[in-house]
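Report on the structure given below.
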Amino acid sequence: MPVKSSFLRCATVRLGTLGLAWLCLAGPGRAEISLATAAGEDRWSRQVEAQWLPRTRAALQSVDLLARSQYGVDLGDRLKLGLAAAPKAGLPEGLTLLLVEAGLGEAELRQRALIRPVRLAMQALVDHLSLGQTKKLPPWLPAGLAEMVAWQTLAEQGLPPLQTALPALSRPAIADPLRAEQLLQAQQRARLNLQLSQAAVEALQSRLGADFHPRMRAYLQAAGQDGFDANGQFAAAFGISPNDLLQQVEAKPVASPVKAVPALRPVTLVDTSNDKPEVRKAWTAFMAAAKPRALAFSADGSWGLGEASRRSIDLALAGCRSMGGNQCRLIALEDEIVLRPDRAHVAVQMGGYVNDEFAQQVERDWLGLVRQASAEFDRLVNDVLKVRLTRDTQIYLGAGVDDYAQILYKDMDLSESRAELQGELSGGLSNSRGQIALKFTPKQNRAAAYELAVKTTLHELTHELQKQLDNNHAGFRPPVWIREGTADLIAHLLAPQVRFDDVEAQALRNWRERILGWWRSGNKTGLKPDDLVGLTGQGWLMMMKDKRGNYQMAGLMSMYLQAITGPAFLPAWVEYHRLAGQKHRSARASFELAFGLSEADFLADFKQWLALQ
């Protein structure tokens, strides 16, 4: 694979409030900042070279200008980077790798291609000016300065704003659940500390204006001298002590990187003036309730309120039933009306064929979480896919293999033998007729149970949406790798947006990293992408039984399809399934019509990309 080395040359660069400056980065007696790239032949590699390489160059131009004009530092011989689209791209050794991989969300791509190289540049600058004495500085200062400059540099690129500027945290995929929880909490503390550090440096810049960088330069240089007094010289340089600055910053709430999600129908629009007194009382109580909050009603006027709990839906339904209500249904969740006559309803209940201690635990710990995830599914698919469920769905929670198999056989009408096999192999099943079963087992650790309650719920509801869009395969049956792989992908995309007041549910294990890890660990079953082409549902089930890794391979294929299709993927996914619902449609022609390339070309390209992983 050819390796290219790009050098930053002359450019006009805008430096925040400092205006425009003409910068020639390459010149006599000056080392150039190198940015090597390895050009692959697959579509993703070409996209990285065409889209992300110019942005990374621009970010480095901006920080190099800042370093030279404000700090007198030449970064050329201190920063040698390599931008790659895959781990095996073939870059020379000795470079700091910027790995811009397929399947990453836009926020993570910006972190890797734009934020990280500027951080590295600023860290090198601080280390140079302080003569390697960064430990003498206030511990928050180097990271805060690097973070502030990185985000300012990103803002100069004029990229569209994101709903979530920071990538979602992921639960580490390790066997020890306690250790995983400790590492997750460490990630959360590190992120919060970094945000506070950035806020402190931004407060300094706001105080000092154009004097900020000259004073910061002098302070960093002082750190390399004998007798450096970090606190005293900080106060002299910036007019405030480090402790006073941090106290002022900590007293202000850190701006959330998550923008508010617009309500489908705000509860503030509810008019209860003509309703009965008990209805007005219910809405008044709900509007005053602490979030997370939920409100349930029954046709006879009974109601229930759940508040200040991630089990708010359960509390609301239980309160409604305790008032004697029959067929209590969720009406409002957080700030939205979630039940309307034109909307499908998703009901969740225990299977009920086993009533042992574990079943009580599932009902206590997981029933509410499944209800919360399913209640948000319609909002999420409307926000993300611009479609809605149109038929009611019933979700059953199985407490163990036997309970799950009984649900499949007695409630969902699978044959006894198939129910037994599915009960052994699967963790969830949709019959695409409005019924879903989930299987909880005593062997699952807490992280796996959270995964099931949130992501598997979203996965199976996506199957219901697929069948709705393609009218039960009225035209053709989409390949099983698309049905299963994209259901996993959609669940992966939706899960971070499910609004839980619960750290564990927010920080689910990273699906993308897990399926890539499966492939990179050696693919011990020898499964190939071609093995999934033309595979029947029964063949898929047998692969599951043999633990071939078919879900992982289908996930990789779906993830790559999304990566190379870009923002067009989600509307293309909807269009593809709608085409499958039209009679006399060809599966091959529909794939190319929706996604812009033939399935054969996609598979060939995918195999090229997979070889670099």
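The values are calculated or read from the model by the stated rules, or taken from the named source; none is laboratory data. These numbers were taken from a predicted model, which means no experiment stands behind them. Cβ placement follows ideal geometry from the backbone for every residue including glycine, while neighbour counts extend to all protein chains displayed. Just so you know, the surface numbers come from the protein's heavy atoms only, side chains and all, with ligands and any DNA or RNA stripped out. Shrake-Rupley method; radii C 1.70, N 1.55, O 1.52, S 1.80 Å.
A few remarks follow.
- DSSP loop trypsin sites (Lys or Arg not before Pro) with at most 14 other Cβ within 10 Å: longest gap in the chain: 89-258
- Using a probe of 1.4 Å on the protein chains alone, the accessible area found for Phe595 is around 20 Å².
- Projecting the Cα atoms of Leu603, Ala399, Trp303 onto the charge dipole of the chain, computed from C-beta unit charges around the Cα centre, puts Leu603 farthest toward the positive end.
- DSSP-defined beta bridges in the range 369-444 - what % are antiparallel, rounded to 5: 35
- Once the mean of 1/r is taken over each pair of separate Cα atoms and inverted, the range 453-600 shows a Kirkwood hydrodynamic radius of 16.1 Å.
- Between the range 599-613 and the range 63-141, the C-alpha centres lie 31 angstrom from each other.
- Multiplying the residue separation of Ala587 and Gln51 by 0.36 nm and removing their Cα-Cα distance gives an extension gain of 189.8 nm.
- Total charge dipole magnitude, the chain, about the Cα centre, Cβ charges on Lys, Arg, Asp, Glu only, Debye to nearest 20: 880
- Label-point gap, in nm, between Ala288 and Arg446 - each point 7 angstrom along Cα→Cβ: 3.5
- Antiparallel beta bridges, as assigned by DSSP with both residues in the chain, represent about 55 percent of the total such bridges.
- Per residue, the chain exposes 44 Å² of accessible surface when a 1.4 Å probe is rolled over the protein heavy atoms with every protein chain present.
- What the Cβ-Cβ distance of Phe228 and Gln187 gives, at R0 = 41 Å and to the nearest 0.05, is a FRET efficiency of 0.80.
- Dipole in debye (nearest 20) - the range 49-174, about Cα centre, beta carbon charges: Lys, Arg +1; Asp, Glu -1: 220
- The angle between the Cα long axis of helix 457-469 and the main principal axis of the chain comes to about 70°, on a 0 to 90 degree scale.
- Selection from Gly232, Gly90, Ile515, by position along the positive dipole direction of the chain (Cβ): Gly90
- For the chain, the residue among Gln552, Ala175, Asn445 whose Cα projects farthest onto the positive side of the dipole built from Cβ charges is Gln552.
- Helical mean residue ellipticity (222 nm; -39500 (n - 2.57) per DSSP H run of 4+; nearest 500) of the chain: -15000 deg cm²/dmol
- Computed log₁₀ I(q)/I(0) - Debye formula, equal Cα scatterers, no solvent, the range 276-396, q 0.11, 0.16, 0.22, 0.23 Å⁻¹: -0.38, -0.79, -1.33, -1.40
- Relative contact order %, the chain, counting alpha carbon pairs below 8 Å whose residues are six or more apart: 10
- Sparse-neighbour loop sites [GluC sites (Glu not before Pro); the range 355-449; at most 11 other C-beta within 10 Å; DSSP]: none
- Of all accessible heavy-atom area on the chain, the percent that carbon and sulfur account for (1.4 Å): 50
- In summary, the aspartates and glutamates within cross-link reach of Lys547, defined as a Cα separation below 20 angstrom excluding same-chain residues under 8 places away, comprise Glu420, Glu424, Glu451, Glu484, Asp488, Glu513, Asp530, Asp531.
- Applying D = kT/(6 pi eta Rh) to the chain, where Rh is the Kirkwood radius over alpha-carbon pairs, T corresponds to 20 °C and eta to 1.002 mPa s, the Stokes-Einstein value obtained is 79 µm²/s.
- Across the alpha-carbon set of the range 362-426, the Rg to Rh ratio works out to 1.07, Rh being the Kirkwood radius.
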